[in-house]
Amino acid sequence: MKLCERGANPRQEREWQSGLLLKEVRKEMNKKYITNMKGNKIMEKTKTLKDCIELALAGRPLTQKSSFRNAQADFTPSPVGRGHRKVGFTLAEVFSIHPKDVRKHAFTLAEVLITLGIIGVVAAMTLPTLIQKQKEKQTVVKLKNIYSILSQAYTRAVQEYGPPTEWEGLGNVVADDFRKSANSLLDHFAPFLKYTEICRAENVGTANAKCKYNEGTLIKAINGQIDDYFSADNGNATYARLRLNNGAFVSFSYFANANRPACGVSENDNCGYISVDINGKKLPNQQGVDIFSFFIMNNRILPMGGIGSSNPYSFKYRCLDKTKTIYGSSYGLIGEACTAWVLQNENMDYLHCDDLSWEGKHSCNGK
């Protein structure tokens, strides 16, 4: 619709206030003739442009001395027709508006940089927490998957070979038999696991072993202590290991002592020990973070640190309380008993708060 064909309505008034109408009037001045919608000439711009504008936007004229900002503030249009309002101004006022009085519709470089800076600060504060939470969720999924794999392998091994009490090498063993016991566990589980590499206890730490940690890798407990046992990965190792298709390390070992009774007929008898590094050689190689532990009981695979577990294998003693050491030795095994918590509560909040318990809070937010 051409300028002279229309009256001012609320939308047009907004256009005028935003400076858009001013651009349109100036555009009309570049034309030789003012035309209507059908293209017919109405009048020559050089004689009647002022009349054309005032005819199209008739109303109370603004004073020539009025500024654009004052006009916005004190102009009161008169109602015309069905809710439509017309506004008016003189031609002199149109071209006397200073550019500073026209509202800007773009951000300055300084405004953009300030906004980006604020976004960057907020991102720096929130992204690390979000990334950590996402990693912990992925760990929960991986651990559940491996727990399922081990449980199914155990069930099939029992069906094939009978209960662990009947497996060779388990029972009241002495230190010289620890490798034999570890190899026995490996031999009974391996046929029912999908793996890429397998290392018996006598060669798990040798130079050519493919299921060993990288040279110099130190396995850490959840409290930062060095786990001397699994950090050894040398010819003196008393555990056997295989590497699953998904890259996880599964280590088998067996100790019979006062805290780990010999494998017997009782369902609570400990017949072996499994340590799982869910991402193998990849860091951080830390108990309770990517390394988790299980007991091989006489009737099931038992995640360490479950409800009712007694010291020194309880969740509180060997996962939550990071100030403890095991029997005053250099073994940094704090973190072994986090496994049951991760599987059952599906979080790793013990890394972030220390008031959790099986009887009370199951997450840092109190749920």
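Here, each number is a calculation from the coordinates, and none is a lab measurement. What you are looking at is a predicted structure, and each value in this text was computed from that prediction instead of being measured. In this analysis, Cβ positions are derived from the backbone assuming ideal geometry, glycine residues included, and neighbour counts consider all displayed protein chains.
For G280, enumerate residues with amide H under 5 Å from its amide H, sequence gap 5+ or separate chain, H modeled in the peptide plane.
Result for G280 returns F249.
Taking amide H atoms as placed 1.01 Å from N in the peptide plane, list the residues 5 or more away in sequence, or in a different chain, whose amide H sits under 5 Å from that of G272.
Placed amide hydrogens put I296 under 5 Å from G272.
May I ask you to sort Y313, Y254, Y195 by Cβ crowding, counting other Cβ atoms within 10 Å and putting the fewest first? Provide the component values of the computation, followed by the final result.
Working: Y313 21, Y254 29, Y195 16.
With the fewest neighbours first, Y313, Y254, Y195 line up as Y195, Y313, Y254.
Arranged by the count of other C-beta atoms within 10 angstrom, fewest first, what order do L170, L113, L343, L150 take? All intermediate terms of the calculation are to be shown ahead of the outcome.
Working: L170 27, L113 11, L343 17, L150 21.
Fewest to most other Cβ atoms nearby, the residues stand as L113, L343, L150, L170.
Taking the Cβ of each residue in S184, S151, S310 as the centre, tally the other Cβ atoms inside 10 Å and list the residues starting with the fewest. Write down the numbers at each step before the final one.
On the way: S184 22, S151 13, S310 8.
Ascending Cβ contact count within 10 Å gives the list S310, S151, S184.
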